[in-house]
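The values are calculated or read from the model by the stated rules, or taken from the named source; none is laboratory data. All values reported here derive from a predicted model rather than from experimental measurement. So basically every Cβ, Gly included, is an ideal-geometry build from the backbone, and we count neighbours across all protein chains shown.
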């Protein structure tokens, strides 16, 4: 898989902004088939001057949602928390 297929988008939440400031960790939504080593190589290819220290992944199951009589399910999402070296940074727009 190509790096831009593995890393779908950065996640912008209060927790992700706090992690950037505290531990230099960035949150990304990744492809469900990606493992930690694929995420590591994708980040290092997309951002060539960044060295990845650690990668943590988690899967968030889809939730049941109802609107009147209709039932649906939100999609399952896989997230990755990528910690980079202290002197490096990634400009993701916020």
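Look at residue 62 and say whether it is over 17 Å from residue 22 (Cα atoms), out of contact with any helix residue (DSSP H, G or I) (no Cβ under 6 Å at 6 or more places or on another chain) and touching a residue at least 12 places away in the same chain (Cβ under 8 Å).
Values: over 17 Å from residue 22 (Cα atoms): yes; out of contact with any helix residue (DSSP H, G or I) (no Cβ under 6 Å at 6 or more places or on another chain): yes; touching a residue at least 12 places away in the same chain (Cβ under 8 Å): yes.
Criteria met by residue 62.
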Only one of 43, 90 is outside any helix (DSSP H, G or I) and either touching a residue at least 24 places away in the same chain (Cβ under 8 Å) or in contact with a helix residue (DSSP H, G or I) (Cβ under 9 Å, 6 or more places away or on another chain) (or both); which?
90
Selected residue (criterion: nearest to residue 25 (Cα to Cα)) from residues of region 69-90 that are modelled with pLDDT of 95 or more and surrounded by fewer than 10 Cβ atoms within 10 Å (Cβ to Cβ)
75
Looking only at residues that are over 18 Å from residue 50 (Cβ atoms) and touching a helix residue (DSSP H, G or I) at 6+ places or on another chain (Cβ under 9 Å) in region 3-37, which one is surrounded by the most Cβ atoms within 10 Å (Cβ to Cβ)?
31
